Every structure is written in structure tokens, then in C-alpha cells.
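Worksheet for the structure shown next.
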Amino acid sequence: MHKNETDMSMSALLEIANRSSTHPIINNIHQSIKILRNTETIELYWIKAHHGLLGNESADTEAKKAAALHKTPDYDNFPISYDKRLRKQDTEQAHESEYPSSTTGAHLKQWLPKLEHIKDLREKANITFELTQILTGHGYHKSYLYRFKITENDMCPCDNTCVQIIEHILKFCPQFGKQRCDHEMFCGNSRLEPYNILDLMKNKSALTSFLRLITYTYTYINTHACHPEG
Ligand SMILES: [Zn+2]
């Protein structure tokens, strides 16, 4: 077990401690902590501001900004913020105008073009962390991690040539051939498109089969995200 010691400002700590924080950075931290907890012990420490440490004051300013953003939920945080919003809104038309225009929105729209589809999926499936990663595009596949310079390259270790994007993982990566084959066979027999959620939602078993593929692949990806060579 490793032990990570991280010095933090008080406002950053308070914001991280707030489990219902709607800020995207804080949400990313929550998700990262959740994953790291499997293999690491994480301890967060408060250090006084103006302590003469380089970066401390600017970190504090950023954290205060994050805390101030409370009242403007960011829709990058699918699905909780969506769900709350959906429950508040009255008309379907109002929902449509709320669909996000961010990159996350673009990812999500590819899977679920309308808000009613998100609502539908929430009724039919348990929205897991792995599923959220796929739907929002904010997953621990290397093309995403590389954008933030967390990994040294964006290539999938299966051949060190293919860029590890979501599509590669689900449709092509040989590491998941068995699971993919099971899912595609099932969909073929049911005449459903294996990677079209709208189509899969027509058949409970097909949707379950897809969720099984997602859980399997992304549990693997998440476990290996910090140790790409492992
Ligand atoms: Zn691969």
C-alpha cells in the first residue's frame, strides 16, 4: 500500500468534503479518490495559507472560486445534476433547452440524443461509475488521461499503436475480445445494434449485456489507469 500525503488549503478541503459539490474539478477529485482507494491510502492535510509555500496561495484562490460556483451546477456531472434538474422541470420542451452544449454534452448526445432518452435509461439501468465514464467521455482511457498529461502517451497497451479511445476499448481492443464477442452474438441473435443504446433499451437482456461489457472493460481500464505497464 502506498501512502499519498497531499497538502491542501482549507477551502479546497471543505469543498472536497462536500459530497454534493457540483463543481466539475471537485467531482473529478471525488472520482479519482474513489478509484485510488482500491490500492492506496489517501490522507488530505490542511496547511495554513500564506505559509510561504510556492503555489499555496494560488491554489487557495482557485479553491475559493470553486466553492463560489456552488449555485451554478455544471452539467458535466451527469447523472446527478441532470436528475435533479429533470425532477424540477415541468415540460419536455423545457428539458430539451437544458441539454448541455459542453463537450460532455456532445459525448452524451452521441449516445442519448434527447433528455427523454437519459430519463429512459435511468429508469431501465443502474447508472454506474463505469457507465457514466462512457456516456460523458470522462473515462480513464488513455486518450482522455493524455489530454491532462496524466499519461505519457495515448496508445493502448494492446499493440502500442492504436489510440485508446472509448470506441477502441468497446469495439476493437483484443484485450476484451471474449466479452465483446458474447455481447455482439447476443445482439446479432436479437437483431439489435450492439453499440446503440437506444436500440439496446428495447430489450432488457441486451441492455444488461451491454452494461456487462462496459463494467468489465472499464473496471479493467480504471484498475490499470495508474499503472499502464502493469
Ligand atoms: Zn487496445
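Values computed for the structure shown
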| quantity | calculated |
| --- | --- |
| Scan of region 89-108 for residues that are closer than 24 Å to Leu200 by Cα and either modelled with pLDDT of 90 or more or assigned to a loop (DSSP other than H, G, I, E, B) (or both), ordered by number | Tyr99, Pro100 |
| Qualifying residue in region 138-156 (condition: at pLDDT 95 or above, under 15 Å from Asn222 (Cβ atoms), in the same structural domain as Gly105 (by TED's automatic domain parsing) and within 16 Å of the ligand (Cβ to nearest atom)) | yes |
| Tally of residues being touching a helix residue (DSSP H, G or I) at 6+ places or on another chain (Cβ under 8 Å), assigned to a helix (DSSP H, G or I) and more than 16 Å from the ligand (Cβ to nearest atom) across region 161-198 | 7 |
| Those residues of region 198-212 which are more than 18 Å from His138 (Cα to Cα) and surrounded by 19 or more Cβ atoms within 10 Å (Cβ to Cβ), in sequence order | Leu200, Met201, Ala206, Ser209, Phe210 |
| Any hit, region 118-128, residues being touching a residue at least 12 places away in the same chain (Cβ under 8 Å), closer than 18 Å to Ser32 by Cβ and more than 16 Å from the ligand (Cβ to nearest atom) | yes |
| One residue from Thr215, Thr136, Thr223, Thr161 being surrounded by fewer than 18 Cβ atoms within 10 Å (Cβ to Cβ), of a type in the set (Ser, Thr, Tyr) and within 21 Å of Leu108 (Cα to Cα) | Thr215 |
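The values are calculated or read from the model by the stated rules, or taken from the named source; none is laboratory data. Not measured: the values here are computed from a predicted model. A quick note on method: Cβ atoms are made from the backbone with ideal geometry, for glycine too, and the neighbour counts reach across all protein chains shown.
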